Amino acid sequence: MSVSTTNLPPQFEVVDRPLDTQMTISMGPQHPSTHGVLRLELVLDGEMIVKCTPDIGYLHTGMEKLFEYKKYQQGIVITDRMDYLNPLGNNLAYVMAVEKLLGLEIPERAQTIRVLMCEMQRIASHLVWLGTHALDIGAMTVFFYCFREREKILNMIEAASGGRLTPSYFRIGGLMMDLPAGFERRVKQFTDNFPAALDEFHTLLSGNRIFQNRTKGVGIISAEDAIDWGITGPSLRGSGVALDIRRSNPYSGYENYDFDIPIEHGCDVWARYMVRMREMAESLKIVKQAASRLAPGPVKADAPKVVLPDREAMKTHMDALIHHFLIVAEGFNVPAGEVYHAIEGSKGELGVYIRSEGGAKPSRVHVRGPSFVNLSALPHMVNGEMVADVVAIIGSIDIVLGEIDR
Amino acid sequence: MSQDIEREKQITEAALTTTDAGRAPALLVDTLRREHPEWLGEVTVAFGEVTVVVPREQIIHLCAHLKVAPGLEFNMLSDICGADRGVEEEPRFEVNYHLFSTTKYHRLRLKVLLNEEDTHVPTVTGVWRTANWHERETFDHFGVIFDGHPDLRRILLPDDWQGHSLRKDFPLRGYEPYSLT
């Protein structure tokens, strides 16, 4: 049976001299190296990319609309599902924005635990990036090593919150509950063993000539262009801009920690790789410091109308029982106003904009996802590169489609 | 390598000496008001954030000025997001521009208010290229039209989607089940 060519779109028309023409191919949404359901429409001249048009929205679930129909405390659960590799970071950005509206003071211990958990989550997120990035380029072994280490972090997060990927551990006004007994010991065990694992990753990749050839000089974006495109996080620091919100606009007590901001000047995939590798070591430093500062104390703010009371208090105190009922049944009142709170997520500036008109539900919640903005610069980065380099470049900007499509 | 470490230290020190990041823009906006009173509407400072209401005709002039103005240097556009203030409200829509400076580390929010009948705003893609996708998203969700935008298409929802999903009069579950076929 012959295929009719009359009704095909122009880019699929059969031509006499194929080498003289440009070809349009569709990469994704099922392509494994697009890290989810990203579709790229690539116009190729031979193997060179002439034009790249990302097509997103395959994972759009209307989360921003859903926020408007949920009480503030119910919104935390939605944030878990945006950037599913960095759920604690999303929790933190959201709860801190609401806390800003409420003007809550968070106890010292809760802040320290937040920093501790967020930095462990950052390492876990970078481990997934490293494993999949290396896998895209053809180094399969690293993937298993990374997931082995990540598993240890997820187990700790599970021990603290009960959830591995969707912890919802941070609550408005503090934490869900205190850390379980023996958590410090587990953290210590992890921090003692992780440097050896990090060395292992370096042995596998950093000195690997194939990996270097695939990454050096590929996907170049200068510092000026990166800022103009709104790139943040490790991808920006790979272009030599030392911008880290943990340092520039500290939140949750980050100003008290001693850590460096790794930057590289290569502006290419390799530079972004090195930044993240060094960043894991820096995060480990913060984890150690936070673990050593865990002093006993409350983990919830003293705000009975916002924070759920302890179980024991509910059984013995009438007002605690009333507050519990009101918070669960009707929610709590948040004053009218609008805030934008940004934190340094594992992929860049993670900002949450909340507009409140009073009442228990927000009027508008918007999430500025770092992956969304970083991906918008992809056409700039892949222009003139080979088609095989596209997977290396996508890997280097570390996107998560759950956050892009929301 | 040692140069790098040295440079990192300098940058870190510079960052640590930055003073109150929220107050600086408020003071500088005051000087701007003296020079170009037509650019700025109401200025509010709340929750440590500065919000400036901008007449929509002036948004490009103001943004281009803020991007390079000494002392302000808002060289990065963090975010653009629309909001629906309510079906009964007049003006009904707002577009919020969140500006950030990668050298001064301060933030500023610009706000453009729009009536329901006339949801046109000039695009700022000429000032920051990152505005492209943010404006497409705002168009997709609210139907705000950015005049002069190079590629104003829907970005998250399908091309044949009817209506604008984040408007307050759009039901949570939509009007009917959407089918790809």
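Which lysines does B:K67 reach when only Cα atoms under 17 Å apart count, and residues fewer than 8 places away in its own chain are ignored?
B:K104, B:K111
If one takes the longest principal axis of the Cα atoms in chain A, at what angle in degrees, from 0 to 90 and to the nearest 10, does the Cα axis of helix A:140-161 lie?
On a 0 to 90 degree scale, this one is about 20.
How large is the dipole of the protein assembly as shown about the Cα centre if only Lys and Arg carry +1 and Asp and Glu carry -1, each at its Cβ, rounded to the nearest 20 debye? Mind dumping the intermediate values first?
Numbers: 61 positive and 79 negative charges, 328 e Å.
So the magnitude is around 1580 debye.
Over the Cα atoms of the stretch B:33-181, compute the convex hull volume and normalise it per residue, giving Å³.
Convex hull volume per residue, Cα atoms: 131 Å³.
What whole-number value in cubic angstrom gives the convex hull volume per residue for the C-alpha atoms of the stretch A:177-283?
Working: hull volume 13.9 nm³, N = 107.
Taking the convex hull of the Cα positions in the stretch A:177-283, it is 130 Å³ per residue.
By the gyration tensor of its Cα atoms, with a ≥ b ≥ c the square roots of the eigenvalues, what is the shape of the protein assembly as shown: rounded for a/c under 1.5, prolate for a/b over b/c, or oblate? The partial results should precede the final answer.
Working: a/c = 1.40, a/b = 1.11, b/c = 1.26.
Since a/c stays below 1.5, the shape of the protein assembly as shown is classed as rounded.
Out of the DSSP beta bridges found with both residues in the protein assembly as shown, what percent are antiparallel (nearest 5)? Walk me through the numbers on the way to the answer.
Values: 49 of 55 bridges.
Restricted to the protein assembly as shown, the bridges split so that about 90 percent are antiparallel.
Quick check: from the Cα gyration tensor, does the stretch A:266-406 come out rounded (a/c under 1.5), prolate or oblate?
In terms of gyration-tensor shape, oblate.
Given the -39500 (n - 2.57) contribution per DSSP H run of 4+ residues, what per-residue ellipticity at 222 nm results for chain A, rounded to the nearest 500 deg cm²/dmol? Write out the running numbers ahead of the final one.
On the way: 17 runs with 191 residues, N = 406.
For chain A, the value works out to -14500 deg cm²/dmol.
Based on Cβ point charges of +1 for Lys and Arg and -1 for Asp and Glu, what charge dipole magnitude is obtained for the stretch A:38-127 about its Cα centre, in debye rounded to the nearest 20? Present the calculation step by step, with values, prior to reporting the outcome.
On the way: 10 positive and 12 negative charges, 72 e Å.
Rounded to the nearest 20 debye, it is 340 debye.
Which GluC sites (Glu not before Pro) does the stretch B:74-181 hold that lie in a coil by DSSP with at most 11 other beta carbons within 10 Å? Spell out each step's value before the answer.
Numbers: sites: B:E88, B:E89, B:E94, B:E116, B:E117, B:E135, B:E137; in loops: B:E88, B:E89, B:E116, B:E117.
In loop regions of the stretch B:74-181 (DSSP not H, G, I, E or B), the sparsely surrounded GluC sites (Glu not before Pro) are B:E88, B:E117.
Expressed as a whole percentage, what fraction of the accessible surface of chain A belongs to carbon and sulfur atoms when a 1.4 Å probe is rolled over the protein heavy atoms? Mind showing how you got there, number by number?
Details: 8780 of 15780 Å².
Here it works out to 56 percent.
By how many degrees, 0 to 90 and rounded to 10, does the Cα axis of helix A:318-330 deviate from the longest principal axis of chain A?
The helix A:318-330 is inclined about 30 degrees to chain A.
The values are calculated or read from the model by the stated rules, or taken from the named source; none is laboratory data. A quick note: this is a predicted structure, and the numbers were derived from the prediction, not measured. All Cβ positions, even for glycine, are placed from backbone atoms using ideal geometry, and neighbour counts span all protein chains on display. Side chains included, ligands, DNA and RNA excluded: accessible areas come from the protein's heavy atoms. Shrake-Rupley method; radii C 1.70, N 1.55, O 1.52, S 1.80 Å.
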